[in-house]
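The values are calculated or read from the model by the stated rules, or taken from the named source; none is laboratory data. Given the structure is predicted, the values throughout are model-derived calculations rather than measurements. Ideal geometry is used to build each Cβ from the backbone, glycine not excepted, and the neighbour counts take in all protein chains shown. For accessibility, only protein heavy atoms count, side chains too; no ligands or nucleic acids. Shrake-Rupley method; radii C 1.70, N 1.55, O 1.52, S 1.80 Å.
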Amino acid sequence: MPARFAFWPQIRKDPASSRIIANWRALTGGKAIRDPQRKTLIACSGGADSAALAIALAAASKHIILAHILHDMRPALQAHADRDATLGLAQKLNIPCLVTSVACRDKPGNAEANYRDARYQALSQLAFENACPFIATGHHRDDQIETMLMRLVRGAGFGTLAGIRASRPLSSTLAPSPPLTLIRPMLSVTHEDAQRLCLIADYKW
């Protein structure tokens with residue numbers, strides 16, 4: 001268990017935090033797995049959603065690492081502010097934080113897809129280097145609903161309509177590559193829940 005911080009009891013009692021922790025444990029092996037075996041790299045942008053994920057899991061386990069990806073598709077001042085916010089959150093929670101960068105601006109093709117692929121490759125590299133079999137992202141219930149609505153608008157039938165998966169294997173170009181699993185422990189909580197957890201922890205996203 002991590003060293004106590006002042007807001008720890010309130011975070012642990014919050015129903016959203018409890019759901020996040022329970023989902024994380026279920027997605028990483030359930031009761032058969034001890035926390036050292038579910039070491040998790042959290043992709044943290046510095047925003048409320050990924051920060052809330054970090055806050056909840058840091059209250060449950062010391063086997064948590066934050067990872068922040070700098071990229072060249074945003075003004076440098078904004079990108080560095082997000083990085084500094086993430087580093088500050090890690091310090092507040094007394095957990096490690098890793099920072100790396102990707103360059104996507106000059107790549108041909110769809111810029112959003114290029115960044116997403118580069119981001120996951122960078123996260124996979126950090127997870128591999130730090131012996132983390134799991135990578136967690138802050139996608140939440142509101143994202144789930146938005147995804148389903150977008151797929152419906154694009155013509156997906158109700159029979160094939162699906163939202164964001166709670167977990168999936170994460171492919172990697174690393175060789176040899178250990179098994180990596182992408183997990184989303186926040187799909188049962190809302191953006192409003194995430195903001196509340198940040199306020200409890202006195203984190204300004």
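Tally the residues that are at pLDDT 95 or above and open to solvent by 10 Å² or more (accessible area, probe 1.4 Å), restricting the search to the range 54-64.
So the count comes out to 1.
Looking only at the range 65-99, which residues are small (Gly, Ala, Ser), within 21 Å of Ile21 (Cβ to Cβ) and either open to solvent by 40 Å² or more (accessible area, probe 1.4 Å) or not in a strand (DSSP E or B) (or both)?
Within the range 65-99, just Ala90 meets the criteria.
Quickly run through the range 65-91 and pick out the residues that are among the basic types (Lys, Arg) and either modelled with pLDDT under 95 or closer than 17 Å to Pro185 by Cβ (or both). Outline the logic, then answer.
Of all residues in the range 65-91, those among the basic types (Lys, Arg) come to 74, 83.
Answer for the range 65-91, where residues must be among the basic types (Lys, Arg) and either modelled with pLDDT under 95 or closer than 17 Å to Pro185 by Cβ (or both): just Arg74.
Give the range 103-140 a look and list any residue that's assigned to a loop (DSSP other than H, G, I, E, B), at pLDDT below 90 and open to solvent by 30 Å² or more (accessible area, probe 1.4 Å), or say none.
Once the filter is applied, which keeps residues that are assigned to a loop (DSSP other than H, G, I, E, B), at pLDDT below 90 and open to solvent by 30 Å² or more (accessible area, probe 1.4 Å), the range 103-140 yields Ala103, Arg105, Asp106, Lys107, Pro108, Gly109, Asn110.
May I ask you to verify whether Ile20 is farther than 20 Å from Gln125 by Cβ and over 18 Å from the mean Cα position of the chain (by Cα)?
Criteria not met by Ile20.
Hey, can you tell me all the residues within the range 1-25 that are among the hydrophobic types (A, V, I, L, M, F, W, C), open to solvent by 20 Å² or more (accessible area, probe 1.4 Å) and closer than 24 Å to Glu129 by Cα?
Start the filter on the range 1-25 by keeping residues that are among the hydrophobic types (A, V, I, L, M, F, W, C), which leaves 1, 3, 5-8, 11, 16, 20-22, 24.
Among the residues that remain, those that are also open to solvent by 20 Å² or more (accessible area, probe 1.4 Å) are: 1, 3, 5-8, 22.
Matches in the range 1-25: Met1 only.
Could you please let me know if Gly29 is in contact with a Phe, Trp or Tyr (Cβ under 6 Å, 6 or more places away or on another chain) and surrounded by fewer than 20 Cβ atoms within 10 Å (Cβ to Cβ)?
It is false that Gly29 is in contact with a Phe, Trp or Tyr (Cβ under 6 Å, 6 or more places away or on another chain) and surrounded by fewer than 20 Cβ atoms within 10 Å (Cβ to Cβ).
Test of understanding: among Ser18, Ser45, Ser61, which residue is part of a helix (DSSP H, G or I) and either in contact with a His (Cβ under 7 Å, 6 or more places away or on another chain) or hydroxyl-bearing (Ser, Thr, Tyr) (or both)? Let's see the steps before the verdict.
Values: Ser45 fails: part of a helix (DSSP H, G or I); Ser61 fails: part of a helix (DSSP H, G or I).
Answer to the selection: Ser18.
What pairs can you find where one residue is in the range 15-26 and over 13 Å from Ser61 (Cβ atoms), the other is open to solvent by 50 Å² or more (accessible area, probe 1.4 Å) and in a helix (DSSP H, G or I), and their Cβ atoms are less than 8 Å apart, with a gap of 6+ or different chains?
Hits for this filter: Ala16/Arg196; Ser18/Arg12.
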